[in-house]
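Asker: Take a look at this one; I'll ask things after.
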Amino acid sequence: WEVAGAGSGEEALELIPGGGFDVVLCDIMMPGIGGVETLKRIKERLPHAEVIMATGCATLETAIESMRCGAYDYVTKPYEIGRLSTTLDRALERSRLKGRVNQLMETDRVKSEFLASMSHELRTPLNSIIGYTELVIDGVYGPAPAEQTQALGRVTASARALLSLINDVLDLSKLNAGMTTMHP
């Protein structure tokens, strides 16, 4: 562990902008800003950080208030070094996992945006291909030989199948984005 120490809540809050803290051990009773208020401010500035509250005079009220404000755990003094070490390890692992989850969520968001954007970009020219092909088949531009009409019919069928796949991708990206609800 790389450790930074502070003698008060104010000093701790001054360290936050420069340090990428994953775990904070914060005492309930500190000079200046109290531990619970320091906890709140730390969670505002470092929402991913896990804060372990420590106290020598534990009460149920301070434990509940700490947990309600976002504390990961609550330990009492005197510390049993093995328990403290285990709690710090678990808090660090949880902080790292939260960071990984955030990365995965961002990757998923970018993927969904890409799929939605790409699907829209493919639909427009595909609809034009279908439309103009059907105009030729319908003879709007004059009669077409039967062989051409058959070939254009296959082009239209293939384009419609591709359009259906693109629409499915769009539906999937809408589901992932929470923009559509499923009704079985």
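The values are calculated or read from the model by the stated rules, or taken from the named source; none is laboratory data. Note that the coordinates shown come from a computational prediction; the quantities given were computed from them, not determined experimentally. For neighbour counting, all protein chains shown are included, and Cβ atoms are generated from backbone atoms with ideal geometry for every residue, glycine included. Side chains are part of the model used for accessible areas, which takes the heavy atoms of the whole protein and leaves out ligands, DNA and RNA. Shrake-Rupley method; radii C 1.70, N 1.55, O 1.52, S 1.80 Å.
Asker: Show me the ranking of peptides 85-92, 103-110 by mean Cβ neighbours inside 10 Å, starting with the highest.
Answerer: Answer by packing, highest mean first, reads 85-92, 103-110.
Asker: I would also like to ask the following. What is the helix-to-structure angle for 81-137, meaning the angle in degrees between its Cα long axis and the longest Cα principal axis of the chain, kept from 0 to 90 and rounded to the nearest 10?
Answerer: 10
Asker: Using the Cα centre of the chain as origin and beta-carbon charges of +1 (Lys, Arg) and -1 (Asp, Glu), tell me which of LEU126, ILE137, THR107 is placed farthest towards the positive end of the dipole.
Answerer: Final value for the positive-end residue is ILE137.
Asker: What lysines does LYS174 reach when the alpha-carbon gap must be under 19 Å and sequence neighbours fewer than 8 apart in one chain are set aside?
Answerer: Qualifying lysines at Cα under 19 Å: LYS111.
Asker: May I ask you to derive the relative contact order of segment 85-168, considering only C-alpha pairs under 8 Å and at least 6 residues apart, and to give it as an integer percent?
Answerer: After rounding, I find 29 percent.
Asker: In whole percent, what relative contact order does the chain give with Cα contacts below 8 Å and a gap of six or more residues?
Answerer: After rounding, I find 15 percent.
Asker: Report the accessible area of TYR132, computed with a 1.4 Å probe over the heavy atoms of all protein chains in place, in Å² rounded to the nearest 10.
Answerer: 140
Asker: Can you give the Rg and Dmax of segment 13-61 based on its C-alpha atoms, in angstrom?
Answerer: 10.9, 34
Asker: Students often get this wrong, so try it: which of (i) 10.3; (ii) 18.0; (iii) 13.4 is mean projected area of the Cα convex hull in nm² as calculated from the structure shown?
Answerer: The calculated read-out lines up with (ii).
Asker: Continuing with the same structure: As a check on your grasp of the helix formula, calculate [θ] at 222 nm for the chain: sum -39500 (n - 2.57) over DSSP H runs of n ≥ 4, divide by the residue count, round to the nearest 500.
Answerer: -22000 deg cm²/dmol
Asker: With unit charges on the beta carbons (Lys and Arg positive, Asp and Glu negative) and the dipole taken about the Cα centre of the chain, which residue among TRP1, GLY56, SER117 sits farthest to the positive side?
Answerer: The listed residue farthest towards the positive side: SER117.
Asker: If you put +1 on each Lys and Arg Cβ and -1 on each Asp and Glu Cβ, how big is the dipole of the chain around its Cα centre, in Debye rounded to 20?
Answerer: The calculation lands at about 320 debye.
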